[in-house]
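A quick write-up on the structure given underneath.
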Amino acid sequence: MKYTLSVIKADIGGYVGHSSSHPDILADAEKSLGKAKKSGLLIDYHVTRCGDDLQLIMTHEKGESHKHVHKLAWDTFVSGTQVAKKLGLYGAGQDLLADAFSGNVKGMGPGVAEMEIEERKSEPVIIFMADKTSAGGWNMPLYKMFADPFNTIGLVIAPNMHKGFTFEVHDVMKSMKVMFKTPDEIYDMLVFIGAPGRYCVKAVYSRETGNIAAVSSTQKLALIAGRYVGKDDPVCIVRSQGEFPAVGEVLEPFAFPHLVEGWMRGSHHGPMMPTSIAQSNPSRFDGPPRVVAAGFQLSNGKLVGPRDMFDDPSFDEARRKANEAGEYMRRHGPFEPHRLPLEEMEYTTMPQVMEKLKGRFKKLE
Ligand code: F6R
Ligand code: MG
Ligand code: MG
(Lines give C-alpha, C1' and ligand atoms only; values in the text may rest on other atoms or scores of the structure.)
(Ligands and ions follow the chains in the order given, each with its own letter.)
Protein backbone atom coordinates (compact mmCIF):
# COMPACT_ATOMS: atom_id res chain seq x y z
CA MET A 1 0.00 0.00 0.00
CA LYS A 2 1.11 3.58 -0.71
CA TYR A 3 1.03 6.05 2.14
CA THR A 4 2.15 9.65 2.46
CA LEU A 5 4.02 10.90 5.48
CA SER A 6 3.71 14.69 5.80
CA VAL A 7 5.54 16.78 8.36
CA ILE A 8 4.40 20.41 8.35
CA LYS A 9 5.71 22.86 10.94
CA ALA A 10 5.51 26.50 11.92
CA ASP A 11 6.46 28.81 14.75
CA ILE A 12 3.15 30.40 15.65
CA GLY A 13 4.17 31.77 19.02
CA GLY A 14 6.90 31.14 21.56
CA TYR A 15 6.78 30.51 25.32
CA VAL A 16 8.75 32.25 26.86
CA GLY A 17 10.26 34.44 24.12
CA HIS A 18 11.49 32.04 21.43
CA SER A 19 12.54 29.31 23.86
CA SER A 20 9.68 26.80 23.84
CA SER A 21 6.02 26.07 23.04
CA HIS A 22 2.98 26.48 25.30
CA PRO A 23 1.05 23.24 26.04
CA ASP A 24 -2.25 24.92 25.03
CA ILE A 25 -0.93 25.33 21.46
CA LEU A 26 -0.15 21.62 21.25
CA ALA A 27 -3.55 20.75 22.75
CA ASP A 28 -5.32 22.93 20.17
CA ALA A 29 -3.43 21.24 17.31
CA GLU A 30 -4.21 17.84 18.81
CA LYS A 31 -7.93 18.68 18.67
CA SER A 32 -7.76 19.86 15.08
CA LEU A 33 -5.84 16.82 13.78
CA GLY A 34 -8.02 14.51 15.89
CA LYS A 35 -11.07 15.77 14.00
CA ALA A 36 -9.29 15.25 10.66
CA LYS A 37 -8.52 11.65 11.63
CA LYS A 38 -12.16 11.03 12.55
CA SER A 39 -13.30 12.51 9.24
CA GLY A 40 -10.98 10.11 7.38
CA LEU A 41 -8.68 12.76 5.86
CA LEU A 42 -5.77 11.49 7.98
CA ILE A 43 -4.94 7.88 8.80
CA ASP A 44 -2.96 8.96 11.83
CA TYR A 45 -1.10 11.92 13.31
CA HIS A 46 1.25 12.99 16.06
CA VAL A 47 1.58 16.54 17.38
CA THR A 48 4.89 17.56 18.90
CA ARG A 49 7.32 20.45 19.09
CA CYS A 50 10.97 21.35 18.85
CA GLY A 51 11.74 24.51 20.81
CA ASP A 52 9.18 27.10 19.73
CA ASP A 53 8.11 25.21 16.59
CA LEU A 54 4.83 23.31 16.38
CA GLN A 55 5.25 20.06 14.44
CA LEU A 56 2.37 18.27 12.72
CA ILE A 57 3.28 14.72 11.75
CA MET A 58 0.54 13.21 9.58
CA THR A 59 -0.10 10.09 7.50
CA HIS A 60 -2.70 9.78 4.75
CA GLU A 61 -3.38 8.38 1.28
CA LYS A 62 -3.70 11.67 -0.58
CA GLY A 63 -0.14 11.99 -1.94
CA GLU A 64 2.31 14.87 -1.56
CA SER A 65 1.26 18.54 -1.69
CA HIS A 66 -2.41 17.63 -1.28
CA LYS A 67 -4.65 20.66 -0.95
CA HIS A 68 -6.82 19.28 1.87
CA VAL A 69 -3.87 18.12 3.98
CA HIS A 70 -2.07 21.43 3.52
CA LYS A 71 -5.25 23.35 4.30
CA LEU A 72 -5.68 21.30 7.46
CA ALA A 73 -2.13 22.29 8.54
CA TRP A 74 -2.71 25.93 7.66
CA ASP A 75 -6.04 26.05 9.54
CA THR A 76 -4.38 24.37 12.53
CA PHE A 77 -1.67 27.07 12.55
CA VAL A 78 -4.29 29.83 12.22
CA SER A 79 -6.29 28.38 15.11
CA GLY A 80 -3.11 28.00 17.20
CA THR A 81 -2.26 31.62 16.45
CA GLN A 82 -5.54 32.65 18.07
CA VAL A 83 -4.59 30.66 21.18
CA ALA A 84 -1.12 32.27 21.09
CA LYS A 85 -2.67 35.73 20.84
CA LYS A 86 -4.99 35.08 23.79
CA LEU A 87 -2.04 33.94 25.92
CA GLY A 88 0.10 36.83 24.68
CA LEU A 89 2.73 34.37 23.46
CA TYR A 90 5.77 35.79 21.73
CA GLY A 91 5.59 36.30 17.96
CA ALA A 92 2.05 34.93 17.59
CA GLY A 93 1.55 33.85 13.98
CA GLN A 94 5.24 34.58 13.21
CA ASP A 95 5.66 32.08 10.36
CA LEU A 96 2.29 32.63 8.67
CA LEU A 97 3.46 34.96 5.94
CA ALA A 98 0.30 34.98 3.81
CA ASP A 99 -3.14 36.32 4.72
CA ALA A 100 -5.14 33.49 3.23
CA PHE A 101 -4.53 29.89 2.18
CA SER A 102 -4.11 29.37 -1.55
CA GLY A 103 -3.81 25.65 -2.23
CA ASN A 104 -0.41 24.71 -0.75
CA VAL A 105 1.48 25.87 2.35
CA LYS A 106 4.76 25.93 0.40
CA GLY A 107 5.88 29.52 0.00
CA MET A 108 3.50 30.69 2.73
CA GLY A 109 5.88 30.34 5.68
CA PRO A 110 5.46 26.86 7.21
CA GLY A 111 8.16 24.24 6.58
CA VAL A 112 7.19 21.05 4.74
CA ALA A 113 8.80 17.62 4.26
CA GLU A 114 6.66 14.92 2.64
CA MET A 115 7.25 11.52 1.10
CA GLU A 116 4.88 9.07 -0.56
CA ILE A 117 6.10 5.53 0.01
CA GLU A 118 5.19 1.95 -0.61
CA GLU A 119 5.21 0.73 3.00
CA ARG A 120 7.63 -2.16 3.59
CA LYS A 121 6.81 -5.15 5.80
CA SER A 122 8.32 -3.13 8.62
CA GLU A 123 8.91 0.58 8.07
CA PRO A 124 11.06 2.37 10.66
CA VAL A 125 11.25 6.15 10.08
CA ILE A 126 13.05 8.86 12.02
CA ILE A 127 11.74 12.42 11.93
CA PHE A 128 14.39 15.00 12.74
CA MET A 129 13.27 18.46 13.80
CA ALA A 130 15.59 21.39 14.52
CA ASP A 131 15.21 24.80 16.13
CA LYS A 132 17.37 27.92 15.67
CA THR A 133 18.91 26.83 12.40
CA SER A 134 18.22 26.46 8.68
CA ALA A 135 17.78 23.61 6.19
CA GLY A 136 21.48 23.44 5.29
CA GLY A 137 22.00 22.10 8.82
CA TRP A 138 20.99 18.65 7.48
CA ASN A 139 23.72 18.59 4.80
CA MET A 140 26.52 17.16 6.93
CA PRO A 141 24.37 14.58 8.79
CA LEU A 142 22.74 13.38 5.52
CA TYR A 143 26.14 13.12 3.84
CA LYS A 144 27.44 11.05 6.73
CA MET A 145 24.36 8.78 6.83
CA PHE A 146 24.23 8.04 3.11
CA ALA A 147 27.75 8.57 1.76
CA ASP A 148 30.33 8.19 4.53
CA PRO A 149 31.52 4.65 5.32
CA PHE A 150 33.15 5.91 8.54
CA ASN A 151 29.58 6.63 9.74
CA THR A 152 27.59 3.98 7.87
CA ILE A 153 29.34 0.63 7.69
CA GLY A 154 26.32 -0.67 5.72
CA LEU A 155 27.70 1.15 2.66
CA VAL A 156 30.65 -1.22 2.79
CA ILE A 157 29.19 -4.53 4.00
CA ALA A 158 25.44 -4.53 3.24
CA PRO A 159 24.88 -5.88 -0.31
CA ASN A 160 21.65 -3.84 -0.73
CA MET A 161 23.42 -0.54 0.13
CA HIS A 162 26.75 -1.04 -1.60
CA LYS A 163 25.67 0.76 -4.82
CA GLY A 164 25.24 3.95 -2.82
CA PHE A 165 22.66 6.71 -2.94
CA THR A 166 21.58 9.59 -5.19
CA PHE A 167 21.38 13.05 -3.61
CA GLU A 168 19.02 15.77 -4.84
CA VAL A 169 20.62 19.14 -4.04
CA HIS A 170 18.79 22.46 -4.26
CA ASP A 171 20.25 25.89 -4.88
CA VAL A 172 17.82 27.80 -2.65
CA MET A 173 18.91 31.19 -3.99
CA LYS A 174 18.28 30.35 -7.65
CA SER A 175 15.54 27.72 -7.26
CA MET A 176 17.54 25.12 -9.21
CA LYS A 177 18.17 21.44 -8.50
CA VAL A 178 20.94 18.98 -9.37
CA MET A 179 21.32 15.22 -8.78
CA PHE A 180 24.58 13.59 -7.63
CA LYS A 181 25.36 9.86 -7.61
CA THR A 182 27.42 8.78 -4.61
CA PRO A 183 30.01 7.50 -4.02
CA ASP A 184 31.12 8.30 -7.63
CA GLU A 185 30.51 12.05 -7.42
CA ILE A 186 31.15 12.89 -3.77
CA TYR A 187 33.96 15.34 -4.53
CA ASP A 188 31.76 17.29 -6.97
CA MET A 189 28.82 17.21 -4.56
CA LEU A 190 30.85 18.43 -1.58
CA VAL A 191 31.80 21.59 -3.49
CA PHE A 192 28.13 22.51 -3.19
CA ILE A 193 26.74 20.96 0.00
CA GLY A 194 29.77 22.19 1.94
CA ALA A 195 28.17 25.63 1.46
CA PRO A 196 24.91 24.93 3.34
CA GLY A 197 23.71 28.56 3.36
CA ARG A 198 22.94 28.20 -0.34
CA TYR A 199 22.91 24.50 -1.30
CA CYS A 200 20.67 22.13 0.66
CA VAL A 201 20.16 18.39 0.35
CA LYS A 202 16.45 18.11 -0.46
CA ALA A 203 16.18 14.34 -0.87
CA VAL A 204 18.14 11.11 -1.04
CA TYR A 205 17.27 7.98 -3.09
CA SER A 206 18.55 4.40 -2.97
CA ARG A 207 20.52 3.48 -6.11
CA GLU A 208 19.65 -0.18 -5.50
CA THR A 209 15.87 0.30 -5.66
CA GLY A 210 15.28 3.95 -6.65
CA ASN A 211 13.19 4.32 -3.49
CA ILE A 212 13.15 7.57 -1.57
CA ALA A 213 15.32 7.40 1.56
CA ALA A 214 15.13 10.92 2.99
CA VAL A 215 13.45 14.26 2.40
CA SER A 216 13.97 17.62 4.08
CA SER A 217 12.24 20.98 4.22
CA THR A 218 14.17 23.60 2.27
CA GLN A 219 11.89 26.62 2.46
CA LYS A 220 13.90 29.75 3.24
CA LEU A 221 11.67 32.09 5.21
CA ALA A 222 13.76 35.14 4.45
CA LEU A 223 13.62 34.45 0.70
CA ILE A 224 9.84 34.06 0.85
CA ALA A 225 9.24 37.21 2.88
CA GLY A 226 12.04 39.25 1.30
CA ARG A 227 13.19 40.27 4.77
CA TYR A 228 14.49 38.61 7.91
CA VAL A 229 11.67 36.68 9.62
CA GLY A 230 13.56 34.20 11.77
CA LYS A 231 15.36 30.98 10.92
CA ASP A 232 13.69 28.18 9.03
CA ASP A 233 14.00 25.60 11.80
CA PRO A 234 13.90 22.69 9.34
CA VAL A 235 12.61 19.11 9.48
CA CYS A 236 13.85 15.94 7.78
CA ILE A 237 12.29 12.48 7.36
CA VAL A 238 14.65 9.49 7.06
CA ARG A 239 13.65 5.87 6.33
CA SER A 240 15.73 3.23 8.02
CA GLN A 241 16.87 -0.42 7.92
CA GLY A 242 16.99 -2.85 4.99
CA GLU A 243 18.11 -0.95 1.86
CA PHE A 244 18.57 2.17 4.04
CA PRO A 245 20.99 2.90 6.91
CA ALA A 246 20.22 1.18 10.24
CA VAL A 247 18.63 3.30 12.98
CA GLY A 248 22.01 3.61 14.70
CA GLU A 249 23.65 4.72 11.44
CA VAL A 250 20.90 7.32 10.94
CA LEU A 251 21.44 8.76 14.45
CA GLU A 252 25.25 8.48 14.52
CA PRO A 253 26.04 11.79 12.69
CA PHE A 254 24.46 13.70 15.59
CA ALA A 255 27.07 12.36 18.01
CA PHE A 256 29.17 15.20 16.59
CA PRO A 257 27.52 18.58 17.28
CA HIS A 258 28.56 20.35 14.07
CA LEU A 259 28.40 24.12 13.74
CA VAL A 260 25.32 25.56 12.07
CA GLU A 261 23.94 29.03 11.52
CA GLY A 262 20.92 30.35 13.39
CA TRP A 263 21.81 30.94 17.03
CA MET A 264 20.72 34.28 18.58
CA ARG A 265 18.85 36.52 16.17
CA GLY A 266 19.55 34.01 13.42
CA SER A 267 22.93 35.68 13.18
CA HIS A 268 25.40 33.37 14.94
CA HIS A 269 27.08 30.05 14.37
CA GLY A 270 26.76 27.48 17.12
CA PRO A 271 26.78 23.70 17.64
CA MET A 272 23.68 21.63 16.87
CA MET A 273 22.84 19.95 20.18
CA PRO A 274 20.87 16.67 20.07
CA THR A 275 18.36 16.51 22.96
CA SER A 276 15.17 14.82 24.04
CA ILE A 277 11.99 16.62 23.00
CA ALA A 278 11.44 17.70 26.62
CA GLN A 279 14.87 19.33 26.61
CA SER A 280 14.42 21.17 23.35
CA ASN A 281 14.13 24.57 25.03
CA PRO A 282 16.98 26.68 23.62
CA SER A 283 17.50 29.17 26.44
CA ARG A 284 21.20 30.03 26.67
CA PHE A 285 21.72 33.01 24.33
CA ASP A 286 18.53 31.66 22.67
CA GLY A 287 20.29 28.39 21.95
CA PRO A 288 22.40 26.56 21.25
CA PRO A 289 20.52 25.21 18.20
CA ARG A 290 18.64 21.98 18.94
CA VAL A 291 17.84 18.81 17.07
CA VAL A 292 15.33 16.21 18.23
CA ALA A 293 14.51 12.83 16.65
CA ALA A 294 11.11 11.15 16.83
CA GLY A 295 11.20 7.50 15.76
CA PHE A 296 8.13 5.64 14.49
CA GLN A 297 7.26 2.28 13.04
CA LEU A 298 4.71 2.84 10.28
CA SER A 299 2.11 0.12 10.25
CA ASN A 300 -0.59 0.32 7.57
CA GLY A 301 -0.07 4.07 7.68
CA LYS A 302 -0.43 4.18 11.47
CA LEU A 303 2.29 5.96 13.43
CA VAL A 304 3.45 3.52 16.08
CA GLY A 305 5.46 5.72 18.41
CA PRO A 306 7.17 8.03 18.90
CA ARG A 307 10.32 6.91 20.59
CA ASP A 308 12.32 9.95 21.63
CA MET A 309 15.60 8.81 20.02
CA PHE A 310 18.05 11.29 21.59
CA ASP A 311 16.69 10.56 25.07
CA ASP A 312 19.67 8.27 25.55
CA PRO A 313 22.78 8.69 27.71
CA SER A 314 24.93 7.72 24.71
CA PHE A 315 24.23 11.26 23.43
CA ASP A 316 25.35 12.86 26.72
CA GLU A 317 28.85 13.28 25.34
CA ALA A 318 27.51 15.08 22.24
CA ARG A 319 25.56 17.43 24.52
CA ARG A 320 28.67 18.03 26.62
CA LYS A 321 30.72 18.71 23.49
CA ALA A 322 28.01 21.07 22.25
CA ASN A 323 28.17 22.99 25.53
CA GLU A 324 31.94 23.17 25.28
CA ALA A 325 31.89 24.26 21.61
CA GLY A 326 29.04 26.67 22.39
CA GLU A 327 31.07 28.25 25.17
CA TYR A 328 34.11 28.54 22.89
CA MET A 329 32.02 30.25 20.20
CA ARG A 330 30.32 32.54 22.75
CA ARG A 331 33.69 33.88 23.89
CA HIS A 332 33.97 35.54 20.45
CA GLY A 333 31.01 37.75 21.37
CA PRO A 334 30.18 40.03 18.42
CA PHE A 335 33.12 38.79 16.31
CA GLU A 336 33.04 36.40 13.37
CA PRO A 337 33.04 33.44 12.98
CA HIS A 338 30.57 33.29 15.91
CA ARG A 339 28.64 36.12 14.30
CA LEU A 340 27.64 35.34 10.69
CA PRO A 341 29.36 37.21 7.85
CA LEU A 342 27.71 40.58 7.14
CA GLU A 343 26.01 39.52 3.91
CA GLU A 344 24.36 36.51 5.57
CA MET A 345 23.14 38.32 8.62
CA GLU A 346 20.12 40.16 7.22
CA TYR A 347 19.27 41.08 10.82
CA THR A 348 21.59 44.04 10.91
CA THR A 349 21.97 47.70 11.85
CA MET A 350 24.65 48.14 9.16
CA PRO A 351 22.59 50.43 6.85
CA GLN A 352 21.63 52.74 9.76
CA VAL A 353 25.17 52.89 11.12
CA MET A 354 26.56 53.50 7.60
CA GLU A 355 24.07 56.33 7.10
CA LYS A 356 25.08 57.91 10.43
CA LEU A 357 28.80 57.71 9.61
CA LYS A 358 28.36 58.68 5.96
CA GLY A 359 30.61 61.76 5.93
CA ARG A 360 33.28 60.19 8.12
CA PHE A 361 34.68 57.63 5.69
CA LYS A 362 37.65 59.21 3.86
CA LYS A 363 39.48 57.81 0.82
CA LEU A 364 42.85 56.29 1.69
CA GLU A 365 45.79 58.27 0.28
C1 F6R B 1 16.88 32.93 16.66
C2 F6R B 1 15.70 33.40 17.41
C3 F6R B 1 15.91 34.37 18.52
C4 F6R B 1 15.38 35.77 18.16
C5 F6R B 1 15.68 36.79 19.28
C6 F6R B 1 15.11 38.16 18.96
O7 F6R B 1 16.52 32.16 15.56
O8 F6R B 1 14.59 33.04 17.13
O9 F6R B 1 17.24 34.43 18.90
O10 F6R B 1 15.98 36.19 16.95
O11 F6R B 1 15.10 36.36 20.50
O12 F6R B 1 13.76 38.01 18.72
P13 F6R B 1 12.79 39.16 18.25
O14 F6R B 1 13.48 39.88 17.10
O15 F6R B 1 11.55 38.43 17.84
O16 F6R B 1 12.60 40.07 19.45
MG1 MG C 1 10.14 31.91 17.50
MG1 MG D 1 11.90 28.15 16.09
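So if I check each of Leu26, Leu87, Leu42, Leu72, which one is surrounded by fewer than 22 Cβ atoms within 10 Å (Cβ to Cβ) and closer than 27 Å to Asp308 by Cα? Outline the logic, then answer.
Numbers: Leu87 fails: closer than 27 Å to Asp308 by Cα; Leu42 fails: surrounded by fewer than 22 Cβ atoms within 10 Å (Cβ to Cβ); Leu72 fails: surrounded by fewer than 22 Cβ atoms within 10 Å (Cβ to Cβ).
Sole residue among the options that is surrounded by fewer than 22 Cβ atoms within 10 Å (Cβ to Cβ) and closer than 27 Å to Asp308 by Cα: Leu26.
Within the option set Leu342, Leu357, being under 19 Å from Met264 (Cβ atoms) and at pLDDT below 95 holds for one residue only, Leu342.
Being within 15 Å of the chain's Cα centre (by Cα) and more than 16 Å from ligand 2 (Cβ to nearest atom) is the filter; apply it to the range 272-291 and report the residue that is farthest from Glu343 (Cα to Cα). Result: Ile277.
Are any of the residues in the range 121-128 within 23 Å of Val7 (Cα to Cα), among the charged types (D, E, K, R), more than 19 Å from the chain's Cα centre (by Cα) and not in a helix (DSSP H, G or I)? Yes.
Does the range 130-137 contain any residue that is in a strand (DSSP E or B), in contact (Cβ under 8 Å) with a residue 12 or more places away in the chain, assigned by TED's automatic domain parsing to the domain that holds Thr275 and not hydroxyl-bearing (Ser, Thr, Tyr)? Don't jump to the end; show me each part of the working.
Taking the range 130-137 first, the residues in a strand (DSSP E or B) are 130-131.
Those still in the list that are in contact (Cβ under 8 Å) with a residue 12 or more places away in the chain too: 130-131.
Okay, now just the ones that are also assigned by TED's automatic domain parsing to the domain that holds Thr275, so 130-131.
Next, only the ones that are not hydroxyl-bearing (Ser, Thr, Tyr) stay: 130-131.
Among the residues of the range 130-137, at least one is in a strand (DSSP E or B), in contact (Cβ under 8 Å) with a residue 12 or more places away in the chain, assigned by TED's automatic domain parsing to the domain that holds Thr275 and not hydroxyl-bearing (Ser, Thr, Tyr), which makes the answer yes.
Have a look at Pro253, Pro234 and point out the one that is away from ligand 1 (no atom under 15 Å from the Cβ) and within 23 Å of Gly295 (Cβ to Cβ).
Values: Pro234 fails: away from ligand 1 (no atom under 15 Å from the Cβ).
Of Pro253, Pro234, the one residue that is away from ligand 1 (no atom under 15 Å from the Cβ) and within 23 Å of Gly295 (Cβ to Cβ) is Pro253.
Just checking, does the range 238-248 include any residue being over 24 Å from Trp263 (Cβ atoms), more than 18 Å from the chain's Cα centre (by Cα) and surrounded by fewer than 16 Cβ atoms within 10 Å (Cβ to Cβ)? Looking through the range 238-248, at least one residue is over 24 Å from Trp263 (Cβ atoms), more than 18 Å from the chain's Cα centre (by Cα) and surrounded by fewer than 16 Cβ atoms within 10 Å (Cβ to Cβ).
Taking strands (runs of 3 or more DSSP E) that fall entirely within the range 1-96, which contain at least 2 residues that are at positive phi?
Details: elements: 2-10, 44-50, 53-60.
Strands (runs of 3 or more DSSP E) meeting the threshold: none at all.
Select from the range 1-41 the residues that are of a type outside the set (Gly, Ala, Ser), within 14 Å of ligand 3 (Cβ to nearest atom) and under 22 Å from Leu97 (Cβ atoms) and list them in ascending order. Let's see the steps before the verdict.
We begin by selecting, within the range 1-41, every residue of a type outside the set (Gly, Ala, Ser); these are 1-5, 7-9, 11-12, 15-16, 18, 22-26, 28, 30-31, 33, 35, 37-38, 41.
Restricting the remaining residues to those that are within 14 Å of ligand 3 (Cβ to nearest atom) gives 9, 11-12, 15-16, 18, 22, 25.
Lys9, Asp11, Ile12, Tyr15, His18, His22, Ile25 - these are the residues of the range 1-41 that are of a type outside the set (Gly, Ala, Ser), within 14 Å of ligand 3 (Cβ to nearest atom) and under 22 Å from Leu97 (Cβ atoms).
Looking at the structure I just gave you, is Asp188 of a type in the set (Asp, Glu), surrounded by fewer than 18 Cβ atoms within 10 Å (Cβ to Cβ) and part of a helix (DSSP H, G or I)? Yes. Residue count for the range 306-327, restricted to those that are surrounded by 12 or more Cβ atoms within 10 Å (Cβ to Cβ) and either touching a helix residue (DSSP H, G or I) at 6+ places or on another chain (Cβ under 6 Å) or not charged (D, E, K, R) (or both): 9. Residue by residue through the range 83-107, note down the ones that are touching a helix residue (DSSP H, G or I) at 6+ places or on another chain (Cβ under 8 Å), away from ligand 3 (no atom under 16 Å from the Cβ) and more than 18 Å from Asp232 (Cβ to Cβ). Across the range 83-107, the qualifying residues are Val83, Leu87, Phe101, Gly103. Evaluating Pro282 against the criteria (1) in contact (Cβ under 8 Å) with a residue 60 or more places away in the chain; (2) surrounded by fewer than 24 Cβ atoms within 10 Å (Cβ to Cβ); (3) within 19 Å of Gly14 (Cβ to Cβ) leaves one unmet condition, (2). The number of residues in the range 288-331 that are in contact (Cβ under 8 Å) with a residue 12 or more places away in the chain and part of a loop (DSSP other than H, G, I, E, B) comes to 7.
The values are calculated or read from the model by the stated rules, or taken from the named source; none is laboratory data. Keep in mind that this is a model prediction, so the values were computed, not measured. Note: ideal-geometry Cβ built from the backbone for every residue, glycine included; neighbour counts use all protein chains shown.
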